[in-house]
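Below: one structure, written as C-alpha coordinates.
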Amino acid sequence: MSCGEDYVPKPKAYLRLEYPKAKYVDTNLELPFSFETNVLATHIKTKKVNASTESYGINLEYPTLKGTIFLTYKAIEKDKKNLIAFLRDAQNLTQKHAIKADEIPVTPYENDERKVYGAFAEVKGNVASPAQFYVTDSVNHFLTGSLYFHAKPNYDSILPAANYLQKDIKHIMESVTWK
(Lines give C-alpha, C1' and ligand atoms only; values in the text may rest on other atoms or scores of the structure.)
Protein backbone atom coordinates (compact mmCIF):
# COMPACT_ATOMS: atom_id res chain seq x y z
CA MET A 1 0.00 0.00 0.00
CA SER A 2 1.86 3.16 1.04
CA CYS A 3 5.44 2.13 0.29
CA GLY A 4 4.73 -1.17 -1.35
CA GLU A 5 6.13 -3.29 1.50
CA ASP A 6 4.15 -6.09 3.08
CA TYR A 7 3.31 -5.55 6.73
CA VAL A 8 4.60 -8.30 9.00
CA PRO A 9 3.46 -8.14 12.65
CA LYS A 10 6.13 -8.63 15.26
CA PRO A 11 5.87 -11.89 17.17
CA LYS A 12 4.90 -11.71 20.82
CA ALA A 13 7.87 -11.44 23.14
CA TYR A 14 7.96 -12.98 26.59
CA LEU A 15 10.21 -11.94 29.42
CA ARG A 16 12.60 -14.74 30.29
CA LEU A 17 13.91 -14.69 33.82
CA GLU A 18 16.57 -17.15 34.82
CA TYR A 19 17.77 -17.50 38.37
CA PRO A 20 20.90 -19.31 39.53
CA LYS A 21 20.60 -22.84 40.82
CA ALA A 22 19.91 -22.65 44.54
CA LYS A 23 22.85 -23.29 46.85
CA TYR A 24 21.90 -23.78 50.50
CA VAL A 25 24.01 -23.20 53.61
CA ASP A 26 23.27 -23.59 57.33
CA THR A 27 22.26 -20.30 58.96
CA ASN A 28 24.25 -20.78 62.20
CA LEU A 29 22.12 -18.24 64.06
CA GLU A 30 21.68 -18.02 67.83
CA LEU A 31 18.11 -19.36 67.73
CA PRO A 32 16.25 -22.35 69.26
CA PHE A 33 16.23 -23.94 65.80
CA SER A 34 18.40 -24.08 62.72
CA PHE A 35 17.67 -24.24 59.01
CA GLU A 36 19.36 -23.90 55.67
CA THR A 37 18.91 -20.85 53.48
CA ASN A 38 19.79 -19.93 49.92
CA VAL A 39 23.01 -17.95 49.48
CA LEU A 40 20.91 -15.40 47.52
CA ALA A 41 19.43 -14.32 50.87
CA THR A 42 22.23 -11.86 51.41
CA HIS A 43 20.67 -9.90 54.26
CA ILE A 44 19.54 -11.95 57.23
CA LYS A 45 18.19 -9.90 60.13
CA THR A 46 17.15 -11.38 63.46
CA LYS A 47 15.64 -9.75 66.50
CA LYS A 48 14.13 -10.92 69.74
CA VAL A 49 10.50 -9.90 69.57
CA ASN A 50 9.53 -10.39 73.19
CA ALA A 51 12.00 -10.33 76.09
CA SER A 52 9.71 -12.27 78.47
CA THR A 53 9.01 -15.15 76.04
CA GLU A 54 11.16 -16.84 73.50
CA SER A 55 10.00 -15.11 70.30
CA TYR A 56 12.14 -14.12 67.35
CA GLY A 57 11.66 -12.40 64.02
CA ILE A 58 13.96 -13.36 61.16
CA ASN A 59 13.96 -11.60 57.79
CA LEU A 60 15.59 -13.32 54.83
CA GLU A 61 16.04 -10.58 52.25
CA TYR A 62 16.63 -11.32 48.58
CA PRO A 63 17.73 -7.98 47.06
CA THR A 64 18.13 -9.36 43.53
CA LEU A 65 14.55 -10.66 43.58
CA LYS A 66 13.18 -7.71 45.59
CA GLY A 67 11.55 -10.08 48.03
CA THR A 68 11.70 -11.03 51.69
CA ILE A 69 10.76 -14.17 53.58
CA PHE A 70 9.59 -13.13 57.04
CA LEU A 71 9.95 -15.84 59.71
CA THR A 72 8.48 -15.68 63.20
CA TYR A 73 9.44 -18.16 65.90
CA LYS A 74 7.43 -18.60 69.10
CA ALA A 75 8.01 -21.00 71.95
CA ILE A 76 5.07 -23.20 72.93
CA GLU A 77 4.09 -22.99 76.61
CA LYS A 78 4.38 -26.10 78.76
CA ASP A 79 0.59 -26.49 78.96
CA LYS A 80 0.37 -26.02 75.16
CA LYS A 81 -2.48 -23.52 75.50
CA ASN A 82 -0.86 -21.14 73.04
CA LEU A 83 -0.34 -23.82 70.35
CA ILE A 84 -3.99 -23.65 69.28
CA ALA A 85 -3.77 -19.84 69.08
CA PHE A 86 -0.57 -20.07 66.99
CA LEU A 87 -2.20 -22.53 64.58
CA ARG A 88 -5.33 -20.39 64.31
CA ASP A 89 -3.27 -17.24 63.64
CA ALA A 90 -1.19 -18.95 60.94
CA GLN A 91 -4.29 -20.26 59.17
CA ASN A 92 -6.15 -16.93 59.53
CA LEU A 93 -3.24 -15.07 57.96
CA THR A 94 -3.55 -17.26 54.89
CA GLN A 95 -7.34 -16.92 54.79
CA LYS A 96 -7.11 -13.11 54.87
CA HIS A 97 -5.80 -13.37 51.30
CA ALA A 98 -8.88 -15.33 50.15
CA ILE A 99 -10.63 -12.13 49.07
CA LYS A 100 -8.04 -11.41 46.36
CA ALA A 101 -6.77 -14.95 45.79
CA ASP A 102 -7.78 -17.06 42.82
CA GLU A 103 -6.87 -20.25 44.65
CA ILE A 104 -5.10 -21.29 47.87
CA PRO A 105 -3.81 -24.87 47.66
CA VAL A 106 -2.47 -26.05 51.02
CA THR A 107 0.06 -28.88 51.21
CA PRO A 108 0.60 -30.62 54.57
CA TYR A 109 4.18 -31.39 55.62
CA GLU A 110 5.37 -34.14 57.99
CA ASN A 111 8.78 -35.39 58.98
CA ASP A 112 8.44 -37.81 61.90
CA GLU A 113 12.20 -38.37 62.15
CA ARG A 114 12.93 -34.68 62.86
CA LYS A 115 9.52 -34.07 64.50
CA VAL A 116 8.54 -31.31 62.07
CA TYR A 117 4.88 -30.96 61.12
CA GLY A 118 3.13 -28.15 59.28
CA ALA A 119 1.62 -26.86 56.08
CA PHE A 120 2.62 -24.82 53.03
CA ALA A 121 0.07 -22.55 51.34
CA GLU A 122 0.56 -21.15 47.85
CA VAL A 123 -1.69 -18.14 47.45
CA LYS A 124 -2.40 -17.64 43.74
CA GLY A 125 -3.55 -14.31 42.37
CA ASN A 126 -2.81 -10.61 42.92
CA VAL A 127 -2.13 -10.97 46.64
CA ALA A 128 0.36 -9.36 49.01
CA SER A 129 1.90 -12.69 50.06
CA PRO A 130 2.07 -15.47 47.45
CA ALA A 131 3.33 -18.11 49.90
CA GLN A 132 2.96 -18.85 53.61
CA PHE A 133 3.84 -21.75 55.86
CA TYR A 134 4.11 -22.96 59.42
CA VAL A 135 6.00 -25.82 61.07
CA THR A 136 5.98 -27.08 64.64
CA ASP A 137 7.04 -30.01 66.78
CA SER A 138 3.68 -29.65 68.63
CA VAL A 139 5.52 -29.54 71.97
CA ASN A 140 8.06 -26.70 72.22
CA HIS A 141 8.52 -24.87 68.91
CA PHE A 142 6.35 -23.00 66.38
CA LEU A 143 7.69 -21.28 63.24
CA THR A 144 5.67 -19.35 60.66
CA GLY A 145 6.80 -17.71 57.45
CA SER A 146 5.45 -15.46 54.71
CA LEU A 147 6.84 -14.28 51.40
CA TYR A 148 6.42 -10.64 50.39
CA PHE A 149 7.75 -8.66 47.45
CA HIS A 150 8.72 -4.99 47.43
CA ALA A 151 6.32 -4.28 44.57
CA LYS A 152 2.63 -3.91 43.88
CA PRO A 153 1.10 -7.40 43.63
CA ASN A 154 0.85 -8.42 39.97
CA TYR A 155 0.67 -12.20 39.82
CA ASP A 156 1.97 -12.58 36.27
CA SER A 157 4.96 -10.32 36.87
CA ILE A 158 6.14 -11.82 40.16
CA LEU A 159 5.32 -15.45 39.34
CA PRO A 160 8.88 -16.52 38.28
CA ALA A 161 10.42 -14.99 41.41
CA ALA A 162 7.60 -16.34 43.59
CA ASN A 163 8.12 -19.87 42.25
CA TYR A 164 11.85 -19.62 42.92
CA LEU A 165 11.37 -18.40 46.49
CA GLN A 166 8.63 -20.96 47.17
CA LYS A 167 11.26 -23.64 46.58
CA ASP A 168 13.42 -21.89 49.17
CA ILE A 169 10.52 -21.87 51.62
CA LYS A 170 9.98 -25.59 51.11
CA HIS A 171 13.71 -26.15 51.68
CA ILE A 172 13.51 -24.18 54.93
CA MET A 173 10.62 -26.42 56.05
CA GLU A 174 12.57 -29.55 55.09
CA SER A 175 15.79 -28.44 56.79
CA VAL A 176 14.38 -27.12 60.11
CA THR A 177 16.01 -28.77 63.10
CA TRP A 178 14.83 -28.00 66.61
CA LYS A 179 17.42 -27.42 69.35
Go through segment 84-147 and tell me which strands (runs of 3 or more DSSP E), entirely inside it, have 2 or more residues that are buried (at least 22 other Cβ atoms within 10 Å of the Cβ).
116-122, 131-136
Of (1) within 12 Å of the chain's Cα centre (by Cα); (2) modelled with pLDDT of 95 or more; (3) assigned to a helix (DSSP H, G or I), residue 174 satisfies every one except (1)
Quick check: anything in segment 149-163 outside any strand (DSSP E or B), among the aromatic types (Phe, Trp, Tyr) and either more than 21 Å from residue 34 (Cβ to Cβ) or touching a Pro at 6+ places or on another chain (Cβ under 6 Å) (or both)?
yes
From the residues in segment 40-83 that are of a type in the set (Lys, Arg) and assigned to a strand (DSSP E or B), which one is modelled with the highest pLDDT?
74
Quick check: is even one residue across segment 97-106 under 13 Å from residue 173 (Cα atoms), within 16 Å of the chain's Cα centre (by Cα) and modelled with pLDDT of 90 or more?
no
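The values are calculated or read from the model by the stated rules, or taken from the named source; none is laboratory data. A quick note: this is a predicted structure, and the numbers were derived from the prediction, not measured. We place every Cβ from the backbone using ideal geometry, glycine too, and count neighbours over all the protein chains shown.
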